[in-house]
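Here's a structure for you.
The values are calculated or read from the model by the stated rules, or taken from the named source; none is laboratory data. Note that the structure is predicted; figures quoted are calculated from it, not measured. Backbone-built Cβ (ideal geometry, glycine too); neighbour counts: all protein chains shown. Just the protein is used for accessible areas: all its heavy atoms, side chains included, with ligands, DNA and RNA removed. Shrake-Rupley method; radii C 1.70, N 1.55, O 1.52, S 1.80 Å.
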Amino acid sequence: TQVVFDLQSSRDVFLVIATPGWITGQSYMIAASLLCRVPSVLLEGSPVSPPERFAGTIERRFVSVLKAGSTFLRMLMTMPGGDAFLRQHDLRSLRLGTFCAEPVNEAVHRFAVAHVTPNYINSYWATEHGGIVWSRCNGNAAQPLRADTRTWPLPWIAGDVLVRSHGAGGWRLATSNEQGEVVIRRRYPYQALTVWQSIGFGTAEWRGDVQRWGRYFEEGAGYVQGDAAICHADRAFTFHGRSDEVI
């Protein structure tokens, strides 16, 4: 939250469109706001019932940072008069918005920039990751903010796009603009080292359940999430959805 949103307790109010039962609700709506000492607005029930409830909440509570999945923005786009509901309310308190978890196309991103906040970024992660893995470092001029869905690995994420190969190692690096599997090449900070207990815990030699968690990292690749992506020449990424056709 500090790197991506630059949350400040003296300035920000956080709104996450989620429930505490969903991973983004647990980690960002509740845990992140408490750790950063930033007020978090909790919405019980549908954020669009009545239709203008979402926009009215931003206006009344002076929400400055919004986190919502692309599915939610698609719902606003397809609602009759969805853009009109947004225009009826003053959303100028928003300084930043972000997608989360799901791939997003340019039409949805352009709608968010035009009707919610001009500073709308694309963040990518999944429940299995434990936190945002691709996004944009706040205020980074080297990561130009455009409504084109592009996103970047965060500094502690070794991200790549690989293509399965019949050669040695079973993988090859995708060429620029070639679609392949998005992978995290090395271990990263969000990973749990143990669940409740593990053999050797508490001894000086203990380093966590390395063998257990190592099974999630495919040899020659890394952690393969099962999402298709493209890595562009400037090292920005575009995500296209599930690669294994999971419904």
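Run the simple label-point estimate for H232 and H166 please: 7 Å along Cα→C-beta, distance reported in nm.
3.4
Give me the dipole magnitude in Debye, nearest 20, for the stretch 1-96 about the Cα centre, with unit charges on the beta carbon: positive for Lys and Arg, negative for Asp and Glu.
With Lys and Arg at +1 and Asp and Glu at -1, about 120 debye.
Also, I was wondering about something else. If each DSSP helix of 4+ residues adds -39,500 (n - 2.57) and the sum is divided by the residues in the chain, what number results at 222 nm, nearest 500 deg cm²/dmol? Can you show the working numbers first?
On the way: 7 runs with 47 residues, N = 247.
My calculation for the chain gives -4500 deg cm²/dmol from helical runs alone.
Shifting gears a bit: Could you grab the relative contact order for the chain? Cα pairs under 8 Å, six or more apart, rounded to a whole percent. Mind showing how you got there, number by number?
Details: 436 pairs, mean separation 33.2, N = 247.
The normalised contact order for the chain reaches 13 percent.
Separate question: When all protein chains stay in place, what accessible area (Å², nearest 10, 1.4 Å probe) is found for H115?
Spelled out: H115, probe radius 1.4 Å, area about 60 Å².
Have a look at the DSSP beta bridges in the chain and tell me what percent are antiparallel, nearest 5. Walk me through the numbers on the way to the answer.
Numbers: 23 of 33 bridges.
If I count the DSSP bridges inside the chain, around 70 percent turn out antiparallel.
Follow-up question, since we're still on this one. Taking the Cα centroid of the stretch 151-176 and of the stretch 61-90, what is the distance between the two, rounded to the nearest whole Å?
Each part reduced to its Cα centre gives a spacing of 35 Å.
Show me 156-162, 142-148, 124-130 ranked by packing, highest mean number of other Cβ atoms within 10 Å first. Walk me through the numbers before you get to the answer.
Numbers: 156-162: 19.3, 142-148: 14.1, 124-130: 17.0.
Order by mean packing, descending: 156-162, 124-130, 142-148.
Tell me the relative contact order for the stretch 78-166 as a rounded percent, counting alpha carbon contacts under 8 Å between residues six or more apart.
Working: 109 pairs, mean separation 21.6, N = 89.
Over the stretch 78-166, the number comes to 24 percent.
Moving on to the next point. Gap in Å between the Cα centre of the stretch 1-19 and the Cα centre of the stretch 182-247?
26
Relative contact order (percent) for the stretch 49-114, with alpha-carbon contacts under 8 angstrom and 6 or more residues of separation?
Details: 63 pairs, mean separation 30.0, N = 66.
Reported relative contact order: 45 percent.
If you don't mind, there's one more thing I want to ask. With both partners inside the stretch 24-166, how many of the DSSP beta bridges are antiparallel, as a percent to the nearest 5? Show your work: numbers first, answer last.
On the way: 3 of 8 bridges.
Approximately 40 percent, going by the DSSP bridge assignments.
Report the charge-dipole magnitude of the chain in Debye, nearest 20, computed about the Cα centre from +1 at each Lys and Arg Cβ and -1 at each Asp and Glu Cβ.
Numbers: 24 positive and 22 negative charges, 105 e Å.
Computed charge dipole of the chain: roughly 500 debye.
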